[in-house]
Amino acid sequence: MIQTDANATPPAVWIDMSNAIQQVEQENSIPRQDSSQLTTRSSETDFTHTTTTNSSIKTTPVRKSMSELSLQNKRDSDLRQQYEQRPEKVPDVAAEMEKWYAMTDRYGFLEEQPSKSELKVKAKEVERAEKWANMSTPVTIDQENAHKFVFNYKFKKRVYKGIPDCWRREAWYYLSTDCLKNATNDRQLRATYQELLLKENSHERQIDLDIPRTLRDHIMFRQRYGSGQRALFNVLRAFASYDEEVGYCQGMTNIAATILMYCEEEKAFLVLVHMFLREKLHNLYIPGFPMLMESFYIQEALLKRYLPKLNQHLADLGLSSDIYSTRWYITLFTGGVVNYHTLMRIWDVYFLCGYDVFFFVAVALLKTHEARLLSSDLDVCMEILGSTMSVPNDDKFLKSIEKLYEKNEKNGTIQRLRQEYQSKH
């Protein structure tokens, strides 16, 4: 039983979850599903024609009359007011939270009932969380609380085994800031975030259009203009003002939403900024998508080396990497590419190793589905590559990624391919 103060005002997120639960119960046309199937509908954004979605791409300006500008400003103002409103109804928090926990899996996705394997994983999670607690040390960085770890072989091995949910916030922040070395100015970055929230930008309407299509089966983002959607809107529009050349690109909603599942709003903004700085993700989204084009080249080279038969089969069908893997890289694999429990394992390793590990995630994923792809025609291959590609065993999958990454990291393969691409372009 969850203990609460009967006289206390419940947090907005609890109220929103209550409203979301009521919404779920009223929607008889939408059956509950196992979370392993939900990622296929986590976002309906079409990433096939990515170059048309980057809101920084210049278009021919259209003159607007004063009345049209006034109407647009009113609409933008009304939009922001929708996100600033708070629900009026205050539910029985304890009862609603019990109900919420009963309806979702460990990640917050709606499910019918936990499986035996899920219960076993939860028990294992408690044991592993204790180990992470023992190897962490609380510290204060620029007047902010954080945790540091000893970055050694044992730590890396435990990341590959999967960071416990209760430690992802601290571990992701620790790794994204280069073991807290780049966290020394985050107090100023927090102040900057609050200033950015006061600014208006031209991407707000597109962000608002994409938000309802993002992780809509997750209890945190299901309620329209609820606390989860408000936090997502704020983080994305603040970042659009922070990096004006990138602004906002479809696919970024999935990334920000994934961070928000483990971090509060301000912290999510910090982690997102550090991700962009560490990986130079700026170049993944600016007009021309230089980092994305480079990623396709590297993926093709790795497929020729590790999966030559599949590479030739896809080439014969006319399926080059840019046709099917745009959403993989533009969303950092959060766009319904894999099941959510697999995604979290991938992201743990991403924070440890950096962007380059995604190339080996792609190779391992294609290897997992190689037999079926080799026996399929163009339409079936497109269907497989465009849907959620399940992984039978996360542990084995991550071990194959680790083996591929470590071997190629030692040989400098990615760096060599990157230089090769840049010399040709």
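The values are calculated or read from the model by the stated rules, or taken from the named source; none is laboratory data. Being a predicted model, the structure only gives us computed values, none of them experimental. Ideal geometry is used to build each Cβ from the backbone, glycine not excepted, and the neighbour counts take in all protein chains shown. The area values use the complete protein model at the heavy-atom level, side chains included, leaving out ligands, DNA and RNA. Shrake-Rupley method; radii C 1.70, N 1.55, O 1.52, S 1.80 Å.
Here is a check on your reading of the model: is residue 241 open to solvent by 10 Å² or more (accessible area, probe 1.4 Å), in contact with a helix residue (DSSP H, G or I) (Cβ under 7 Å, 6 or more places away or on another chain), at pLDDT 95 or above and within 30 Å of residue 80 (Cα to Cα)? In short, yes.
Scanning the range 374-391 for residues that are surrounded by fewer than 16 Cβ atoms within 10 Å (Cβ to Cβ), touching a residue at least 24 places away in the same chain (Cβ under 8 Å), among the polar types (S, T, N, Q) and touching a Phe, Trp or Tyr at 6+ places or on another chain (Cβ under 9 Å) turns up nothing.
Only one of 350, 306 is among the aromatic types (Phe, Trp, Tyr), under 20 Å from the mean Cα position of the chain (by Cα) and within 21 Å of residue 399 (Cα to Cα); which? None of the other options fit; the residue is 350.
Selection of helices (runs of 4 or more DSSP H) fully inside the range 311-425 by the criterion of at least 1 residues being under 30 Å from residue 286 (Cβ atoms) and modelled with pLDDT of 95 or more returns 321-324, 326-330, 340-353, 357-368, 378-386, 394-411, 413-424. Has the range 287-306 got at least one residue that is in a helix (DSSP H, G or I), under 30 Å from residue 247 (Cβ atoms) and open to solvent by 60 Å² or more (accessible area, probe 1.4 Å)? The answer is yes, given that some residue of the range 287-306 is in a helix (DSSP H, G or I), under 30 Å from residue 247 (Cβ atoms) and open to solvent by 60 Å² or more (accessible area, probe 1.4 Å).
The combined condition, being touching a residue at least 60 places away in the same chain (Cβ under 8 Å), of a type in the set (A, V, I, L, M) and not assigned by the TED database to the domain that holds residue 355, is fulfilled by residue 246. Whether any residue in the range 360-375 is out of contact with any helix residue (DSSP H, G or I) (no Cβ under 8 Å at 6 or more places or on another chain), closer than 17 Å to residue 405 by Cα and not hydrophobic (A, V, I, L, M, F, W, C) is what I want to check. No, the range 360-375 has no match at all.
Looking only at residues of the range 392-412 that are out of contact with any Asp or Glu (no Cβ under 9 Å at 6 or more places or on another chain) and touching a residue at least 60 places away in the same chain (Cβ under 8 Å), we find that the one that is surrounded by the fewest Cβ atoms within 10 Å (Cβ to Cβ) is 395. Report, by residue number, each residue of the range 296-320 that is touching a Ser or Thr at 6+ places or on another chain (Cβ under 8 Å) and of a type in the set (S, T, N, Q). If the condition is that a residue be touching a Ser or Thr at 6+ places or on another chain (Cβ under 8 Å) and of a type in the set (S, T, N, Q), then 299 is the only one that fits. Across the range 264-273, the number of residues qualifying as touching a residue at least 40 places away in the same chain (Cβ under 8 Å) and either over 16 Å from residue 350 (Cα atoms) or open to solvent by 10 Å² or more (accessible area, probe 1.4 Å) (or both) comes to 4.
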